[in-house]
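Chemist: First the structure, then my questions, so here it is.
Only the coordinates and a few stated rules stand behind these numbers; no lab work does. As the structure is a computational prediction, the values presented were derived from the model and not from experiment. FYI the Cβ positions are ideal-geometry reconstructions off the backbone, even for glycines, and counts take in every protein chain you see.
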Amino acid sequence: MNEQDKVGLGSLNELELYRLYESLYRIRRTEEKIADVYPTDKIKSPVHLSIGQEAVSVGVCEALEPGDYVFGTYRGHALYLAKGGDLKKMIAELYGKVTGCAKGKGGSMHLVDVANGVMGTSAVVATTIPNAVGYALGIKQQNRRNIVVSFFGDGAIEEGVFSESINFAVLKNLPIIFVCENNNYAIHSDIARRQSISEITDQVKPYGLPVRKIVDNDIFAIKNYVHSIATQIRQNNMGPVFVECMTYRWLEHVGPGSDFQLGYRSEDEAKKWMETDQLLRLQQYIKDEDRLQIEHAIDEEIEKAFEFAEQSPFPSEDELYTEIFKV
Amino acid sequence: MSREQTFTEAICEATHQLMEEDDSVFVMGLGVDDPKAILGSTKGLLDAFGPDRIFDTPLSEDAMTGVAIGAALAGRRPIHVHIRMDFLMLAMNQLINVAAKNHYMYGGQQYVPIVIRAMIGKSWGQGAQHSQALHSFFAHVPGIKVVMPTTPYDAKGCLVEAVSDDNPVVFIEHRLLHYQKGPVPQKLYRLDQGKARVVVPGSDVTLIGLSYMAIECFRAQKYLESKGVKAEVIDPVWLVPFDLDTIIKSVEKTGHLCVVDNGWTTCGFGAEIISQVIEKLQYKLHIKVHRMGFASVTCPTTTPLEDLFYPNARTIASSVYRLLKPEQSSWIPEEREDLKSVEFKGPF
């Protein structure tokens, strides 16, 4: 066991370790199944798979309380599941079924599960950031002690609304954690071609909030750091914090396949991230017997979710005109 | 005698009473708590409710609109104020991609009760970026309600209705209407949404004016009287939801429809009204229609051109006369002192 693993494992108990593994495994297998089913065209919705990046969502969400809230992006399957979003409803949503989390009207890019604190995901980059900030304002106005986490990618840093939102969150000392999932690419554009200051944390720091960069997708480090700041925000009325998590998308920007053949990035570059896959990393520390039991249960849960989606009806025609306005 | 208030006083009183009635209502926007208090429309609210319920914002229309939406998702009822509607261009992503869509896109799991107060400027050189009226933009997109009241009475009752609604409402005020005085009951009252107002009954032509243009139509109706033309002036008040029935009833009676939009005519709400009326009446009635609005150019600042840019009571009267009596030679009334447009001076 290397030093980093020793420290990481030492920071949590067995139950917490198992929870991390379960969550990672559920997301990975679900997305692999989505990729398998995709060629059948039963999922008529663009899918932006999170495979390779799951540790960020899982690490952060396992550090939160059930009453906390997350806002995310179109690459949102991992976040939705990590925060406790209903798996059956997610798959049904991808299938366009009325039993989906958005009754088939939102699709993969607009997952939501309000009861579990998944407050929505947006197809337009950076769009949910100010919504998360506003939610934190609402919480503060109501003297609730929950916190909000805003997830976004490295591309969102370049949107004006990101800077505007950070400024306001700091100004009002709001209970929010900004989590930047930096996978280095906006579709196929390398970050070096997009940002004048090479370190994102250097760009954010001048707004006057704590910033932290976690360089290696280390799920323990992510969970521990977020847990410590979440506690401080809750207990000490601490304001916003910015966390940059370096990570890597294994598959193409959108769709179920790989894209190394395009030449904008190399397999070599990907290799080091695949070798430090957090799922495999945790796997070695779970007793085989327990692990097989966990995996079997989740495999079954996923099978059932896909069956549920297959068997669910499409929305009836009158659904077209419902929910334009709340009545 | 009933109590009179200006449009801004009516807005201010409505806001005050709404904030008293419901703790979740709050006001945000650039300058809402400053000494000028958005032309007095937020006057006294800071003293009454404190800085958590009414606060200034950074000049970040995009993020601040997103913040208002987020707060609404958390159970608050924000009123977000913009001293010019033109600034909403910076907030379009949040208004169109989030506020209008969340309820539908999330299958009813979320709703966004926000009110956007936005003001249209006119006269004294407001120019290209202080004069625009974007109601047609918003009315185009499903999921946003649009109201543009004309009288102080409607301003109060519609603001109360807008803030009580669980959906995003763009509440449009015309700068020149802020000076209008009229009877306003003291108590909190709400006016039904999607209800047009027949300002003056008439039998010869249906004359519809949006926002401030309802005033110009009212004046035009006076000019037309001198030619024996009885115009029925209608103020739609709400564009979304829209009261087509009241207009259909009127056109069935008059057979003539002139819509004066407070905006550009191309792809504008005037075109929408006329299309809806014709679709409904075309097999029943042969109707004649006319559309007026801003000239299809950028609003110039110099007075002689600015005057040409907008329809006014006299040009409206003249156009309506031509619509009714195409065989007669054209007519434009001499300007009457009592029907002159009230202009304003000042930076805001």
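Chemist: Computed from the mean reciprocal separation of all distinct C-alpha pairs, what Kirkwood hydrodynamic radius does the range A:236-327 have, in Å? Could you put the intermediate results ahead of the total?
Modeler: Numbers: mean 1/r = 0.0529 Å⁻¹.
So the Kirkwood estimate lands at 18.9 Å.
Chemist: While we're here: Quick one: grab the alpha carbon gyration tensor of the range B:197-339, order the square roots of its eigenvalues as a ≥ b ≥ c, and give me rounded if a/c is under 1.5, else prolate or oblate depending on whether a/b is larger than b/c. Provide the component values of the computation, followed by the final result.
Modeler: Working: a/c = 1.63, a/b = 1.21, b/c = 1.34.
Oblate.
Chemist: Ok, one more. Tell me what chain A gives for mean residue ellipticity at 222 nm when only DSSP H runs of n ≥ 4 count, each as -39,500 (n - 2.57), the sum divided by the residue total, rounded to 500 deg cm²/dmol.
Modeler: About -13500 deg cm²/dmol.
Chemist: Provide the net charge surrounding A:ALA35, with neighbours chosen by a C-beta distance below 11 Å and charges set as Lys +1, Arg +1, Asp -1, Glu -1.
Modeler: Residues close to A:ALA35 contribute a combined charge of -1.
Chemist: Also, I was wondering about something else. Grab the other residues whose beta carbon is less than 15 angstrom from that of B:GLN132, score K and R as +1, D and E as -1, and report the net.
Modeler: -2
Chemist: Got a sec to turn the phi values of the range B:43-58 into Karplus ³J(HN,Hα) couplings, 6.51 cos²θ - 1.76 cosθ + 1.60 with θ = phi - 60°, whole Hz, x for Gly and Pro?
Modeler: After applying 6.51 cos²θ - 1.76 cosθ + 1.60, I find 5, x, 6, 5, 4, 6, 10, x, x, 7, 9, 8, 9, 5, 10, x Hz.
Chemist: Here is a follow-up. Take each complete run of DSSP H in chain A, measure how far its Cα atoms stretch along the helix's own axis, and keep only those covering 30 Å or more with mean Kyte-Doolittle hydropathy at least -1.0; list them.
Modeler: A:14-37
Chemist: Right, here's the next one. Classify chain A: rounded, prolate or oblate, from the alpha-carbon gyration tensor (a ≥ b ≥ c, eigenvalue square roots; a/c under 1.5 rounded; otherwise prolate if a/b is larger than b/c)?
Modeler: Rounded, since a/c falls under 1.5.
Chemist: Then there is this: Arranged from highest to lowest average of other beta-carbon atoms within 10 Å per residue, in what order do the peptides A:316-323, A:199-206, B:234-241 appear?
Modeler: Details: A:316-323: 11.8, A:199-206: 15.2, B:234-241: 23.6.
Output ranking for A:316-323, A:199-206, B:234-241: B:234-241, A:199-206, A:316-323.
Chemist: A further question on this structure: Of the chymotrypsin sites (Phe, Trp or Tyr not before Pro) in the range A:160-234, which ones lie in a loop per DSSP and count no more than 16 other C-beta atoms within 10 Å?
Modeler: Numbers: sites: A:PHE162, A:PHE168, A:PHE178, A:TYR185, A:TYR207, A:PHE220, A:TYR225; in loops: none.
Loop-located and lightly packed - none at all.
Chemist: Would you kindly state how much longer the chain becomes between B:GLU252 and B:GLU4 on full extension, computed as 0.36 nm times their sequence separation minus their alpha carbon distance, in nm to one decimal? Don't skip to the end; give the middle numbers.
Modeler: On the way: separation 248, 0.36 × 248 = 89.28 nm, distance 3.52 nm.
Between B:GLU252 and B:GLU4, full extension yields 85.8 nm more.
Chemist: Determine the equivalent ellipsoid of the protein assembly as shown by diagonalising the alpha-carbon gyration tensor, then write out the semi-axes as square roots of 5 times the eigenvalues, largest first, rounded to whole Å.
Modeler: In descending order, the three semi-axes are 54, 27, 21 Å.
Chemist: Considering only the other residues whose Cβ falls under 13 Å of the Cβ of B:ALA91, what net charge follows from Lys and Arg at +1 and Asp and Glu at -1?
Modeler: -2
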